[in-house]
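Everything below concerns the one structure shown next.
The values are calculated or read from the model by the stated rules, or taken from the named source; none is laboratory data. All values reported here derive from a predicted model rather than from experimental measurement. Cβ placement follows ideal geometry from the backbone for every residue including glycine, while neighbour counts extend to all protein chains displayed. Accessible surface is based on the protein model in full, side chains and every heavy atom, while ligands, DNA and RNA are left aside. Shrake-Rupley method; radii C 1.70, N 1.55, O 1.52, S 1.80 Å.
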Amino acid sequence: MNRGVLRINNLDWGFNGRNIFNSVNISIPEGSFTGIIGPNGAGKTTLLKLILKLLPPDRNSIFLNNRDITGFTRKDIARKMSYVSQTPGVDFGFTVEQMVAMGRNPHLRSFSSETSEDRAIVTDALRDTQIEYLSSKDISKISGGELQRVIIARALAQKPAILALDEPTNHLDLNHQMKILSLIRELSAEKGITVIAVLHDFNHALEYCDNLILMNGGAVVASGLPEDVITPDNMDTVYHLEIVMEKNPFTGKPYMVVRS
Amino acid sequence: MEPVRHLKIVFALLILFLAAAVFLSAAMGSASIPFSDVMRMFTSPDKSFPSAFRIIIFQIRLPRIILSVIVGMGLAVSGAVFQGIFQNPMANPYVLGVSSGAAFGVAVGMAMGFEVSFLGLGAISIAAFTGGILTALFVYFISGNGRSVFSLLLSGIAMGFFLSALMSLIMYLNRNQIENIVYWSMGSFNTASWDKIAVAGPVIILGSLFLMAFYRDLNILVLGDDTARSLGVSVRSRRLLFLLVSTVITASAVSVSGVIGFVGLIIPHILRILTGPDHKTLIPLSMLSGGLFLLLADTLSRTILSPTELPVGIVTSLFGAPFFIYLLRNHRKVLP
């Protein structure tokens, strides 16, 4: 197995005197689609924020391409990793194209302007997320599914090696949830981008992810192939739920059914 | 309302209006000078005009016109930047206590009868600038070094109330200075001079152009701290830089004109609605519109009750406040 484009090594981390993570170890293989699942308060969003240095990790705990991320500047990080957060704001009145073009910021120096190459990358990002037709629309006047594509397009314009998403399907209807996840999987496969996504729906996790990490109370309970992580034992331990694994008749992938 | 997309036309129109307003304003006033003479005085170096006309135009009206344009530019630009940084349409250039600090400085200066001058500026300008900057710095530090914009906003408001109380106390104890202090705090250009332009002009114009050069960071800051960081912006250091530059701009404006309200609130607000939130255009458009608005307001303030004149702050508030209420009722969501 690959040494991992992103490694988390004995991560201990706390906030305001409260301990959140105790010796967490994670290795994310390059080009994979890795899902993070776990109950509320498990530390999933906090973990993403530490990886992106939105919260300050300790030295020698998180490594990107075997380099300690505490040595990276904000721009270094933003050139390698992009972030689709849980609550994208919507009321700013920027156009879709302006919003996506902001993804080029980490590659531009202050006082310099965008080159034709930057513009081409923005056009590609709009095309890859199928929102070219929206480019001059006001972002406060588009639907939730369209907005999520705009945020993903902005993240792609950063030309990241790693794309981190926090519940990318939040607030979307089922049809748009599937479309967004399919889009992310395609982008990952086509461009070799490593995807790390916090997900809530186990069947989506089983369907779309190459690897899963199950977290609970700031610790990794299980990690590996989706069907090895979402097991009746693990679901009982973490969620106190009784489940049965079935086979999705459409895709042949494992499918989870919960006893109500 | 859909933002206007033909921005080049908007820029051209504003420049045209501003130029026209400068000429018109130069021709208006208690001494009536024919408009054609004003045009000829500007275009030819011919000395054949009566020297009184030349003095009125070049030593009295023109400095006043230029200073009002520059102050309008500064207030509108710092308003635009504050609104973006605070993600709040109610934020204005005085939000860090610059106006109350400056007014307090002036009250102290007048009560104690300061008589110093520096770079051609009088004691009052110096007291206003110092009071404004010191208050803004103090507000920044008591709010935990700008850790959250919300605490900055509240600290600024609290500080404003405190300094207003102290200012009232000073006025109460120095009743002979009440009129001067009150008049100053209503804002006026009747002491405009080329010296004031030479000091405040470069600070305001260079400061505005500096902020404009950072338009990308300003746009990204509007999206919130985490998003801005994930797009490579060092949020706290950038925010401090922009707060500092816009506060210096505001304090320079206040020091040469007194406290003039609503320009910094209303101009960027209208522009956001009409032409969108992109700081690349918002800042230069704020400069032009703020300059034009304050020039028109000042021209009105010195002509409407001629030969006496109104403090310009009264005019801007009289026109600004109702228009602002109209805007709020019709376009609620301009900023989050």
Next item on the list: Could you do me a favour and compute the accessible area per residue for chain B, 1.4 Å probe, result in Å²?
Entry: 43
Check: For segment B:280-335 and segment A:119-156, what is the separation of their Cα centres, given in Å?
Finding: 37
Item checked: ³J(HN,Hα), Karplus 6.51/-1.76/1.60, whole Hz, each residue of segment B:85-93, x for Gly, Pro -> 5, 7, 6, 9, x, 8, 5, 9, x
Next item on the list: Holding the Cα-Cα limit at 23 Å, pick out from A:LYS49/A:LYS80; A:LYS53/A:LYS179; A:LYS179/A:LYS247; A:LYS179/A:LYS253; A:LYS75/B:LYS8 the pairs that are longer than that.
Entry: A:LYS53/A:LYS179; A:LYS75/B:LYS8
Check: So for the pair A:ASP233, B:PHE35, with labels modelled 7 Å out along Cα→Cβ, what separation do we get in nm?
Finding: 9.2
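Tell me the per residue accessible area of chain A using a 1.4 Å probe; a whole number in Å² is fine.
46
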Note to self: Please compute the length gained on full extension between B:SER164 and B:GLU179, using 0.36 nm multiplied by the number of residues separating them and subtracting their Cα-Cα distance.
What the structure shows: 3.8 nm
Next item on the list: Kindly provide the helix-only [θ] at 222 nm of chain B, computed as the sum of -39,500 (n - 2.57) over DSSP H runs of four or more divided by all residues, to the nearest 500 deg cm²/dmol?
Entry: -24000 deg cm²/dmol
Next item on the list: Just the number, please: carbon plus sulfur as a percent of the accessible area of segment A:1-157, 1.4 Å probe, no ligands or DNA/RNA counted.
Entry: 44
Notebook entry, point to check: What dipole magnitude, in Debye to the nearest 20, does the protein assembly as shown give about its Cα centre under +1 on Lys/Arg Cβ and -1 on Asp/Glu Cβ?
Noted result: 1240
Margin query: Restricting to Cα atoms and excluding each atom paired with itself, what does the Kirkwood estimate give for segment A:6-222 in Å?
Written below: 17.8
Margin query: So if a site counts as exposed when it's one of the GluC sites (Glu not before Pro), its DSSP state isn't H, G, I, E or B, and it has at most 16 other Cβ atoms within 10 Å, what's the longest stretch of chain A without one?
Written below: A:115-241
Note to self: Spelling out what I want: for every residue of segment B:151-166, take phi, set θ = phi - 60°, compute 6.51 cos²θ - 1.76 cosθ + 1.60 (Karplus), and round to whole Hz; glycine and proline get x.
What the structure shows: 5, 4, 4, 5, 4, x, 5, 4, 4, x, 5, 4, 5, 5, 5, 4
Next item on the list: Please work out the FRET efficiency for the pair A:PHE15 and A:THR73, using the Cβ-Cβ distance as r and a Förster radius of 30 Å; give the result to the nearest 0.05.
Entry: 0.85
Next item on the list: In debye, nearest 20, what is the charge dipole magnitude of segment A:6-222 about its Cα centre with +1 on Lys and Arg Cβ and -1 on Asp and Glu Cβ, if you could check?
Entry: 620
Check: What percent does the relative contact order of chain A come to when contacts are Cα pairs within less than 8 Å and at least six residues apart?
Finding: 24
Note to self: Can you compute the modelled spin-label distance between A:ASN40 and B:ALA321, with each label point 7 Å from Cα toward Cβ, in nm?
What the structure shows: 4.6
Check: What Kirkwood radius, in Å to one decimal, follows from the Cα pairs of chain B?
Finding: 20.5
Notebook entry, point to check: Taking Rh as the Kirkwood radius, which is the inverse of the mean 1/r over Cα pairs, what is the Rg/Rh value for the protein assembly as shown?
Noted result: 1.09
Next item on the list: Taking trypsin sites (Lys or Arg not before Pro) as candidate sites, keep only those in a DSSP loop with at most 10 other Cβ atoms within 10 Å, then name the longest stretch of chain B containing none of them.
Entry: B:148-331
Next item on the list: Mind grabbing the interface size between B and A? I mean buried accessible area, both sides, 1.4 Å probe, in Å² to the nearest hundred.
Entry: 2400
Check: What is the extension gain from A:ASP58 to A:GLU114, computed as 0.36 nm multiplied by their sequence separation minus the C-alpha to C-alpha distance, in nm to one decimal?
Finding: 16.7 nm
Check: Between A:ASN248, A:MET215, A:SER110, whose Cα lies farthest towards the positive end of the dipole of chain A when Lys and Arg beta carbons carry +1 and Asp and Glu beta carbons carry -1, centred on the Cα centre?
Finding: A:SER110
Next item on the list: With a 1.4 Å probe on protein heavy atoms only, tell me which residues of segment B:262-282 lose at least 50 Å² of accessible surface in the complex relative to the chain by itself.
Entry: B:PRO277
Note to self: I'd like the antiparallel share, as a percent to the nearest 5, of DSSP beta bridges with both residues in the protein assembly as shown.
What the structure shows: 60
Margin query: About the Cα centre, and with charges only on the beta carbon of Lys, Arg (+1) and Asp, Glu (-1), how big is the dipole of segment B:178-286? Nearest 20 debye, please.
Written below: 280
Next item on the list: Starting from segment A:79-147, pick out the chymotrypsin sites (Phe, Trp or Tyr not before Pro) whose DSSP state is loop and whose Cβ has at most 16 other Cβ atoms within 10 Å.
Entry: A:PHE111
